[in-house]
Amino acid sequence: MIPSIPQSRAFKGVYAAYISVFFLYLLIPLLVVAVFAFNDAMFPSLPWKGFTFDWFFSSTEPKLGIFHDSTIMEGIGVSLFVAFWVTVLSVFVGTCNAFLFERKNFPFKNFLYVLMILPLVIPGIILGISMLVFSNTVVNGVENVFGYEMEFLRPGLVLVILGQFSFITTIATLVISARLRKFDISLEEAALNLGASHLTAVRTITLPYLKPALFGAGIVAFLMSFENFNTTLMLVGSDAPLTITMFDRLKEGSTPALNAVSLLLMIVSAILAITSIFLQREKGQK
Amino acid sequence: MSSSPRTSDFDLECHNITKRFGDFTAVDDISFSIPKGSFFSILGPSGCGKTTLLRMMAGFLEPDSGDLRIKGKSMVGVPPNKRPVNMVFQHLALFPMMTVEENIAYGLKRQGMPKADIPAKVKSALERISLPDAGPKRIDQLSGGQKQRIAIARCLVLDPDVLLLDEPLGALDLKLREHMKVELKQLQHNFDTTFVYITHDQSEALVMSDQVAVMNHGVFEQVGTPQELYYKPKTAFVAGFVGDTNRWSGSIKGMSGNEVQVETKDGLKLVATAADQNLAKGQNVDIFVRPESVVISRKSDALVGIENTIKGNVESVLFDGANSRVLVRDPSSGDKIMVTLPQTGEFNDLQAGQELHLGWRLAQAKCFDTLAMSAEQLADMS
Amino acid sequence: MTNKTAPKLGLILLMAPLLIWLFALILLPHVDMFMLSITEKVAPRVYETGLGNYGEFFAEPLYWNTYARTAIMSILTTIVTLVIAFPVSYYIAKMLRGRMKAVLFVLCLLPFWVSELVRTFGWMILLRETGIISTFLQWAGLADQPIEMLYTDATIVVGLVYTSMLFMVVPLVTTLESLDDSYIEAGYDLGGNGFTVMREIVIPHAMPGIVSGCIVVFMLSLGNYLTPILLGGKDSLWFTEQIYAQFITRFNWEQGAAFGFLLLILSSLIVWGGLKLSRQTLSETMG
């Protein structure tokens with residue numbers, strides 16, 4: 001069943017039809033979300049009442065556009081803030097981990113490697129509750145012993161950032177390690193040989209080589225953080241990131257405003273996704 | 001050689017260098033010195049320790065014992081980035097994310113050369129390797145030979161006392177390799193820098209070098225000019241490794257002066273010149289004869305007066321222009337003998353199966369104590 | 001190289017972030033969660049160590065029914081995802097060439113860069129009583145009144161399958177691509193037909209991809225919260241919902257921790273079993 005093996009016309013036709021249906025299945029939910037962002041009605045459903053940009057730009061109720069909707073705008077702001085820190089932290093720690101596992105030998109290396117992978121196979125909601133429980137223990141413990149209340153470890157943005165960081169770092173590590181593994185160590189030796197110190201060699205040769213992977217890991221980390229729901233749900237405080245805000249709205253009943261936000265997310269995701277795929281392509285060539 | 005002069009005429013000296021990896025001794029008590037401005041090759045089969053030796057010179061490995069001096073200064077404990085040597089890596093290690101200019105400027109920047117002076121230096125280096133316009137190119141836009149030259153320029157622009165080359169021609173195709181051999185020699189001459197070149201390819205070593213060290217099992221078997229190695233090998237390993245050769249194994253039946261009478265296990269009787277000092281009757285020995293030392297004739301009377309003669313049949317003709325050879329099979333022993341065809345045209349119509357008479361002089365057959373060699377090394381030698 | 005302490009210092013500096021991360025954010029929280037799960041509240045502000053929270057789980061049929069139901073539906077989801085994804089992955093990996101292949105593969109990935117919330121929202125617009133499909137069916141005369149397609153088990157599976165598809169397609173395409181065409185040709189050349197070549201050459205080769213895809217899909221379904229809640233409604237009876245309820249609504253953290261631990265055990269068991277079955281290690285599968 002490869003092109004070099006003859007197949008019947010009927011088989012080919014059925015197979016191609018199946019693939020088409022599959023892609024329809026993939027794309028239709030996204031398509032309807034996008035289209036109904038422009039429906040001039042109170043609900044994202046048929047009948048089509050005409051085309052409007054109100055759900056983006058209108059400044060008056062009841063069709064409050066998302067750019068004038070303070071909860072949604074705040075949600076986006078909070079999500080950006082969280083995603084920024086998660087990205088910075090996880091790419092930094094991921095880079096350290098990649099160098100550690102690819103370059104160094106130390107006791108319990110295999111054990112620590114398995115432990116490093118583990119967050120990927122722990123359900124997000126459990127990562128969330130374990131962190132919730134532990135931070136509570138720490139806060140109470142510190143308060144009992146020192147009489148100081150560590151307010152920042154109560155449910156809120158710090159916990160959300162830590163919770164997301166705890167599994168996104170694994171992904172960043174894997175992406176960066178994969179690239180570092182392909183690095184020809186003699187390039188670093190050549191740099192030393194040409195007079196560079198160890199740190200200079202890493203800074204001028206190894207890190208530039210890793211750049212596509214660092215950016216790729218950064219994009220993945222940013223998106224995963226921005227879209228995270230499960231872990232965030234358990235750790236969120238009064239400042240709700242966008243996914244939480246949207247979830248609350250969805251439960252209340254949806255308006256096309258949600259479609260508008262979703263469309264915005266889709267566009268940003270698509271741009272980031274294509275950038276990341278492009279970066280990986282570059283990576284593949286070298 | 002144990003007492004080294006302070007100000008030395010040697011660019012690089014090694015004194016009793018040893019390096020072990022666990023139980024394995026990669027470099028075993030080696031001493032040598034390389035005169036200023038010469039092209040010095042270390043030739044040996046894979047696994048002989050030559051890469052280890054080179055990496056100790058570059059500073060990527062530290063010797064377990066012994067001293068390594070460059071221009072009279074000890075390099076033990078000096079990190080690689082502080083040594084006045086540069087290295088052309090096996091796969092060149094040109095930085096792929098930089099342009100040619102940036103590659104050449106890399107070492108200059110690390111030396112702290114003022115930014116304004118760098119472009120002129122880079123330009124002149126590119127001119128000296130005859131690639132004046134290559135500066136803005138990316139590494140993957142270069143051909144194999146160009147990369148080679150850039151890698152050398154990147155080192156030579158730093159004026160190193162010694163340039164180390166780690167089999168840099170290995171990745172090139174045959175034709176380019178032949179060309180680069182000549183060019184490397186030329187570059188070495190132009191820059192007047194000491195080159196230390198390691199390779200497993202004896203032809204590279206012979207063509208380019210002023211001096212060659214043949215290395216095996218962590219020691220130097222012989223150090224000498226290419227001519228010395230080829231015509232006066234001191235050990236069986238050198239005789240077998242440098243140049244092509246025919247080899248017979250047997251035991252000594254009699255000796256008179258330098259002449260040794262040997263009988264192979266198939267009963268073939270040969271005479272040879274003793275090349276080892278301490279040969280004795282009954283000892284197992286190897287005899288080496290170069291293909292070009294064997295005289296061939298269709299008639300036996302042309303070989304009168306030649307000490308060793310054999311009659312055989314042509315097994316196959318290996319035509320290769322001026323390097324054409326014929327493989328002759330001795331029917332009594334089954335040995336196959338490689339003979340270089342004379343360029344007189346006399347044997348142009350040679351056919352498989354034809355009868356030939358072979359002969360070689362006593363002086364051309366060199367007898368050595370039998371060598372214990374691994375199968376891998378034997379394969380390398382062919 | 002000469003300064004022996006320098007590499008040591010480097011190692012310590014590189015290791016510090018890893019250790020802090022793994023211990024403070026992964027290991028200790030899970031140990032703490034376990035400790036909490038074996039703590040029983042016997043009276044206000046009075047606690048005892050014991051397995052009471054776990055006892056409660058087995059005593060209350062609603063809990064373990066939900067647990068079993070979540071596991072079974074996750075397995076079902078995994079199977080359906082595999083069955084749908086395999087032909088698609090095979091088509092992309094083996095039937096297509098060059099540009100078309102790259103485009104379809106990217107097209108397969110793109111939807112999953114969009115938030116799960118958005119994707120689920122799309123299904124809600126399609127499937128609800130006033131949704132697109134219902135309206136369309138009425139317009140086409142196939143139904144005479146609005147049809148509610150949300151809040152059924154089938155809907156939950158559809159949503160979960162959709163949301164997990166990427167994690168099946170990517171490993172499958174990767175392993176299938178690594179199978180050289182000549183093996184398939186040789187299979188036919190030696191007298192095999194489509195079925196036997198598939199069974200004896202393609203599927204054994206793709207096994208690592210199948211296992212890692214299944215593990216990830218199962219785990220994600222089991223731990224999913226959004227899709228069952230939004231598509232399954234109040235009665236979706238998903239176990240993560242119970243955990244959420246114990247923690248946030250009823251503020252019974254001890255019980256919630258026990259539930260969390262039970263879910264973790266189930267998910268770990270399946271991952272471990274899958275790896276054992278296919279004789280792979282976690283590092284190979286995920287890394």
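The values are calculated or read from the model by the stated rules, or taken from the named source; none is laboratory data. From a predicted model like this one, the values you see are computed outputs, not experimental measurements. Cβ atoms come from the backbone with ideal geometry, glycine included; neighbour counts cover every protein chain shown.
Before moving on, here are some points about what is shown:
- Any hit, the range C:174-189, residues being among the acidic types (Asp, Glu) and not in a helix (DSSP H, G or I): yes
- Taken together, A:GLY156, A:GLY141 contain a single residue that is more than 7 Å from chain C (Cβ to nearest Cβ), touching a residue at least 24 places away in the same chain (Cβ under 8 Å) and surrounded by fewer than 18 Cβ atoms within 10 Å (Cβ to Cβ), which is A:GLY156.
- Qualifying residue in the range B:281-301 (condition: out of contact with any strand residue (DSSP E or B) (no Cβ under 8 Å at 6 or more places or on another chain) and either in the same structural domain as B:HIS15 (by TED's automatic domain parsing) or in a helix (DSSP H, G or I) (or both)): yes
- Tally, over the range B:309-340, of residues that are in contact (Cβ under 8 Å) with a residue 40 or more places away in the chain and assigned to a loop (DSSP other than H, G, I, E, B): 5
- Within the range A:65-102, considering residues that are within 14 Å of chain C (Cβ to nearest Cβ) and at pLDDT below 90, the one farthest from A:MET246 (Cα to Cα): A:ILE66
- Some residue of the range C:63-73 being within 13 Å of chain A (Cβ to nearest Cβ) and within 30 Å of A:ALA16 (Cα to Cα): no
- The condition of being modelled with pLDDT under 90, buried (at least 16 other Cβ atoms within 10 Å of the Cβ) and assigned to a loop (DSSP other than H, G, I, E, B) holds for B:GLY135.
- Of C:ILE133, C:ILE125, all but one fail to be within 9 Å of chain A (Cβ to nearest Cβ) and modelled with pLDDT of 80 or more; the exception is C:ILE125.
- Every residue from the range C:165-187 that is hydroxyl-bearing (Ser, Thr, Tyr) and either more than 12 Å from chain A (Cβ to nearest Cβ) or in contact (Cβ under 8 Å) with a residue 24 or more places away in the chain (or both): C:THR174, C:THR175, C:SER178
- Among residues of the range C:20-62 being within 14 Å of another protein chain (Cβ to nearest Cβ) and part of a strand (DSSP E or B), the one that is surrounded by the fewest Cβ atoms within 10 Å (Cβ to Cβ) is C:TYR47.
- Which numbered condition B:GLU221 fails, given (1) surrounded by 15 or more Cβ atoms within 10 Å (Cβ to Cβ); (2) touching a strand residue (DSSP E or B) at 6+ places or on another chain (Cβ under 7 Å); (3) touching a residue at least 40 places away in the same chain (Cβ under 8 Å); (4) over 22 Å from B:THR340 (Cα atoms): (3)
- Meets criteria (outside any helix (DSSP H, G or I), touching a helix residue (DSSP H, G or I) at 6+ places or on another chain (Cβ under 7 Å) and surrounded by fewer than 18 Cβ atoms within 10 Å (Cβ to Cβ)) for B:PRO168: no
- C:ALA93 falls short on exactly one of the conditions (1) surrounded by fewer than 16 Cβ atoms within 10 Å (Cβ to Cβ); (2) out of contact with any Phe, Trp or Tyr (no Cβ under 8 Å at 6 or more places or on another chain), and that condition is (1).
- Out of A:ILE125, A:ILE176, one residue alone is in contact with a helix residue (DSSP H, G or I) (Cβ under 7 Å, 6 or more places away or on another chain), of a type in the set (A, V, I, L, M, F, W, C), touching a residue at least 40 places away in the same chain (Cβ under 8 Å) and at the interface with chain C (Cβ under 7 Å from one of its Cβ atoms). It is A:ILE125.
- Qualifying residue in the range B:325-333 (condition: polar (S, T, N, Q) and at pLDDT 85 or above): no
- The residues of the range A:242-257 that are facing another protein chain (nearest Cβ under 7 Å) and modelled with pLDDT of 85 or more, listed by number, are A:THR243, A:MET246, A:PHE247.
- Subset of the range B:24-62 (residues that are of a type in the set (Gly, Ala, Ser), more than 13 Å from B:MET75 (Cα to Cα) and touching a residue at least 60 places away in the same chain (Cβ under 8 Å)): B:ALA26, B:GLY37, B:SER38, B:SER41, B:GLY44, B:SER46, B:GLY47, B:GLY49
- Where helices (runs of 4 or more DSSP H) fall entirely within the range B:191-265, those with at least 1 residues that are touching a Gly at 6+ places or on another chain (Cβ under 8 Å) and in the same structural domain as B:LEU164 (by TED's automatic domain parsing) are at B:202-208, B:226-231.
- Residue count, the range A:229-241 (criterion: at the interface with chain C (Cβ under 9 Å from one of its Cβ atoms) and under 17 Å from the mean Cα position of the chain (by Cα)): 3
- Test: A:PRO62 is surrounded by fewer than 15 Cβ atoms within 10 Å (Cβ to Cβ) and either touching a residue at least 12 places away in the same chain (Cβ under 8 Å) or away from chain C (no Cβ under 14 Å) (or both): yes
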